[in-house]
Amino acid sequence: MEELLESKLKDIETYLNSLDLTDKTEEERRSLLIEVLHKVQENLGYIPNEVQKLVAKKLKIPSSQVYGVVTFYNFFSTKPKGKYPISVCLGTACYVGGANEILDEFKKILNVEEEEVTEDGLFSIHPVRCLGACGLAPVVKIGEKVYGRLKINDVRRIIRDYRAKEKNS
């Protein structure tokens with residue numbers, strides 16, 4: 001696992017070194033930040049503080065700017081996520097429909113708390129304010145797949161389906 005992380009960090013450093021920043025102004029370097037962070041997130045799955053500092057150093061911008069962007073946009077994460085991140089909507093419509101109980105059921109079945117990754121690395125649970133699918137409340141998004149009108153007893157089946165999918169791949 002550590003070898004994989006080292007390899008990915010080297011890939012990120014290679015990518016950062018490949019950026020031609022020689023004649024770039026500070027504004028031009030800053031304009032690359034989101035693109036660079038997307039590449040890092042895509043490669044590593046999250047953007048830890050050490051990598052934020054590396055990005056800041058390579059782009060020659062303050063690390064506080066990098067941190068500000070990483071924490072502002074919810075696409076970026078400072079913590080590892082599971083292969084299948086589970087976003088549980090806790091917006092008003094979902095909450096009224098029992099989303100909190102569904103969140104608790106995911107936590108119980110997977111034996112993790114919010115923002116934690118399961119031991120097998122498959123799942124992580126992330127409460128979110130709104131997924132924009134209020135008509136399907138309560139809603140959960142796993143990876144890019146949206147599950148609507150969920151009931152507590154759907155949770156075990158959904159997890160079982162993902163685990164079966166992993167065994168068959």
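The values are calculated or read from the model by the stated rules, or taken from the named source; none is laboratory data. Because the structure is a prediction, the values reported are computed rather than measured. All Cβ positions, glycine included, derive from the backbone under ideal geometry; neighbour counts span all protein chains shown. The protein model used for the area step is the full one, side chains on, heavy atoms only, and it has no ligands, DNA or RNA in it. Shrake-Rupley method; radii C 1.70, N 1.55, O 1.52, S 1.80 Å.
In this label model, S7 and Q65 are separated by 3.4 nm, measuring between points 7 Å along each Cα→Cβ vector.
Relative to the longest principal axis of the Cα atoms of the chain, helix 2-18 runs at roughly 50 degrees. Take every Cα pair under 8 Å whose residues are at least 6 apart in sequence, average their separation, divide by the length of region 1-77, and the relative contact order is 31 percent. Against the main long axis of the alpha-carbon atoms of the chain, helix 152-167 sits at an angle near 50°. In straight-distance terms, cross-link reach from K60 covers every one of the lysines whose alpha-carbon lies under 23 Å from its own, apart from those fewer than eight places away in the same chain; here that gives K8, K10, K24, K39.
At a probe radius of 1.4 angstrom, the accessible area of region 1-77 per residue rounds to 67 square angstrom.
A P(r) calculated from all alpha carbon pairs of region 52-93, with 5 Å bins opening at zero, reads 5, 18, 20, 19, 15, 11, 7, 4, 1 percent.
Counting only Cα atoms, the size of region 1-77 along its three principal axes is 38, 26, 16 Å, in decreasing order.
Counting only the Cα atoms, the chain fills a convex hull of 127 Å³ per residue.
Kindly rank 156-162, 97-103, 118-124 from highest to lowest mean number of other beta carbons found within 10 Å of each residue.
Answer by packing, highest mean first, reads 97-103, 118-124, 156-162.
Taking amide hydrogens as placed 1.01 Å from N in the peptide plane, the amide H of H126 sits under 5 Å from those of I86, S87, V88, E115, each at least 5 positions away in sequence or on another chain. Compared with the dominant Cα axis of the chain, that is its longest principal axis, helix 33-44 is turned about 60°. Electrostatic bookkeeping for V117 treats Lys and Arg as +1 and Asp and Glu as -1; over the other residues with beta carbon under 12 Å from its beta carbon, the sum is -3. For the chain, adding -39500 (n - 2.57) for each run of n ≥ 4 DSSP H residues and dividing by the number of residues yields -16000 deg cm²/dmol at 222 nm. Farthest towards the positive end of the charge dipole of region 1-77, among the residues N74, Y15, L44, is the Cα of N74, using unit charges on the Cβ of Lys, Arg, Asp and Glu. So what is the orientation-averaged projected area of region 67-114, using the convex hull of its C-alpha atoms, in nm²? If you wrap the Cα atoms of region 67-114 in a convex hull and average its projections, you get 4.2 nm². Per residue, the convex hull spanned by the alpha carbons of region 82-165 comes to 75 Å³. Per-residue Karplus couplings for region 60-69, computed as 6.51 cos²θ - 1.76 cosθ + 1.60 with θ equal to phi - 60°, are listed in order as 6, 10, x, 5, 5, 5, 4, 4, x, 5 Hz, Gly and Pro entered as x. Remark: region 54-59, residue by residue, has Karplus-estimated 3J(HN,Hα) of 5, 4, 4, 4, 5, 7 Hz, where x stands for each Gly or Pro and the curve is 6.51 cos²θ - 1.76 cosθ + 1.60 at θ = phi - 60°.
The fraction of accessible area contributed by carbon and sulfur in the chain is 49 percent, rounded to a whole number (1.4 Å probe; ligands and nucleic acids excluded). Computed extension length for K145-F75: 23.6 nm, one decimal, from 0.36 nm per residue of separation with the Cα-Cα distance subtracted.
Cβ screening of the chain for cysteine pairs under 4.7 Å finds these without a partner: C130, C134.
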